[in-house]
Amino acid sequence: MELSLTPAQEARRDAARAFAEQVLSLRAAEFEREERVPQEIYSELAERGLMAVNLPEELGGSDAGVVAYALSMMEIARGCASTAVTMAVTNMVGEVIARFGTEAQRARYCPLLAAGRHGAFALSEVDAGSDPGAMRTRARRDGDDWILDGTKQWISHGDSSAVLVVWARTGEDGPKGLSCFLVPEDAEGLVVDKHEDKMGLRGSHTCALAFSDLRLPADALLGEQGAGFPIAMMALDGGRIGIASQALGIAQAAHDFALAYLKQCPERAAEQDAQFLLADMRTRLAAGRLLVLRAALLKERHQPFSREASMAKLYATEGAFRVTQMALSLVGAEAESARMPLERHMRDVRVTRIYEGTSEVQRIVIARHVLSA
Ligand SMILES: Cc1cc2nc3c(=O)[nH]c(=O)nc-3n(C[C@H](O)[C@H](O)[C@H](O)COP(=O)(O)OP(=O)(O)OC[C@H]3O[C@@H](n4cnc5c(N)ncnc54)[C@H](O)[C@@H]3O)c2cc1C
């Protein structure tokens with residue numbers, strides 16, 4: 001497998017890095033304090049082609065591929081994890097609509113997302129997180145229309161999205177009875193709750209949603225009726241590359257801070273435990289990055305990548321959590337201070353082990369692939 005980057009991939013990564021260094025890392029603490037990332041930030045990401053990295057140009061995307069997407073995500077998350085999660089989910093939603101949508105659905109929504117409006121991915125419910133087959137939200141037919149009733153939980157930027165991809169039960173119990181719908185932000189019957197008071201990603205809003213007799217036209221169905229579960233699984237396979245990249249970006253920021261600290265503190269840098277921590281951090285970051293780029297390259301080449309995406313997410317997110325902890329150990333008591341970015345990185349990185357499939361779910365996916373090969 002080739003590991004060298006093309007000039008176009010390097011250029012995309014460098015553009016994301018410059019924006020992260022010049023804007024995001026300077027404002028991430030402010031976004032957290034204000035509990036919001038201003039829309040202008042997403043417009044600026046869109047101008048750099050980062051809200052639809054892997055969408056074709058005719059839909060407003062930059063058609064830069066999955067490797068460029070992963071590299072850009074690492075850089076943006078290094079600057080601000082809250083900004084990165086919205087970039088990740090919006091890119092994923094754009095890809096789902098581009099892949100499964102009709103021409104009219106693609107034309108209506110993809111250019112909006114590419115221009116910086118958000119797209120939400122509404123799968124999880126209170127009792128249906130790791131197991132979407134337990135979902136209770138229902139969609140029933142009324143003439144040609146669909147009527148949605150139910151609730152969703154933990155939906156990233158559910159309160160600022162132009163379009164929400166919503167899963168609902170249209171048939172039998174279990175995963176086979178699920179379908180997928182495109183719900184515009186102004187749909188009557190869509191109620192968005194206040195955003196959660198979270199440990200990390202505090203600049204990103206995470207909301208509960210309720211659908212009460214929400215009427216949708218027949219053409220709101222995304223893909224075939226009953227195909228909701230495979231659509232969700234395919235979307236999450238790709239999404240996992242994004243979240244693995246996000247985790248590595250956060251951990252890289254923690255590593256960079258600890259390294260700068262060591263360079264200013266020669267006594268600490270001379271200690272063997274500090275050197276071992278630094279060596280372990282660098283090794284885990286490098287290994288995570290290789291796994292992510294392998295999965296990204298397979299997806300870009302339209303080869304099977306589900307197992308590799310789960311391996312990348314499992315290793316990168318668990319490793320990123322550990323690297324961030326090690327950065328705190330290197331710096332010592334001062335790292336706990338709310339004035340230091342390290343405590344934010346520690347809170348931000350935790351959720352990467354949970355959303356888009358917990359580490360246990362990744363292990364289940366990997367083991368199934370291995371046993372069925
Ligand atoms: C900040 C944030 C943002 C989110 N954004 C979104 C979003 O935009 N869209 C969306 O749809 N969802 C979103 N989620 C939800 C997220 O995807 C779920 O929280 C996640 O899938 C886990 O589901 P759960 O919380 O219901 O935990 P559960 O599924 O109840 O799992 C609880 C624990 O049990 C373990 N477990 C579950 N099943 C098994 C099993 N079979 N074997 C072994 N262990 C198991 C899990 O690994 C976990 O440790 C978000 C969550 C957070 C915290």
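Throughout, read-outs are computed from the coordinates displayed, never taken from laboratory work. The structure presented is a predicted model; accordingly, all values stated were derived computationally and were not measured. FYI the Cβ positions are ideal-geometry reconstructions off the backbone, even for glycines, and counts take in every protein chain you see.
List of remarks:
- Most positive-pole-ward Cα, Leu236, Val323, Ala258, against dipole of the stretch 235-373 from beta carbon charges: Leu236
- Electrostatic dipole magnitude of the chain [Cβ: Lys, Arg +1; Asp, Glu -1; Cα centre; debye, to 20]: 880
- Over all other residues within a Cβ to Cβ distance under 12 Å of Ala232, the charged ones net out to -3, with Lys and Arg as +1 and Asp and Glu as -1.
- 10 Å Cβ shell holding at most 11 others, DSSP loop, GluC sites (Glu not before Pro): longest site-free stretch of the chain: 189-373
- Qualifying trypsin sites (Lys or Arg not before Pro) in the stretch 279-372, DSSP loop, other Cβ atoms within 10 Å at most 15: Arg301, Arg339
- Distance between modelled label sites at His302 and Gln22, nm, 7 Å Cα→Cβ extension: 3.7
- Approximate spin-label separation Leu5-Val370, in nm, with each point projected 7 Å along Cα-to-Cβ: 3.1
- On Cα atoms only, tilt of 7-19 relative to the major axis of the chain in degrees: 80
- What the Cβ-Cβ distance of Arg140 and Ala104 gives, at R0 = 22 Å and to the nearest 0.05, is a FRET efficiency of 0.40.
- Centre-to-centre, using Cα atoms only, the stretch 297-373 and the stretch 189-221 are separated by 26 Å.
- Those lysines that a straight Cα-Cα span of less than 28 Å connects to Lys176, excepting residues fewer than 8 apart in one chain: Lys152, Lys299, Lys313
- Positive-end extreme of charge dipole, the stretch 7-118 - chosen from Met87, Gln105, Leu71 (charges on Cβ): Gln105
- Summing charges over neighbours of Glu125, with a neighbour being any other residue whose Cβ is under 12 Å away from its Cβ, gives +2 when K and R count +1 and D and E count -1.
- Hull volume per residue, based on the alpha-carbon atoms of the chain and their convex hull, is 134 Å³.
- Angle between the chain longest axis and helix 228-264 axis [Cα atoms, degrees, rounded to 10]: 20
- For Val331, the shell of other residues with beta-carbons less than 11 Å away shows a net charge of -2, using +1 for Lys and Arg and -1 for Asp and Glu.
- The chain, helix-only ellipticity at 222 nm - DSSP H runs n ≥ 4, -39,500 (n - 2.57), divided by all residues, nearest 500: -17500 deg cm²/dmol
- The chain: angle of helix 66-79 to the longest principal axis, Cα-based, in degrees nearest 10: 60
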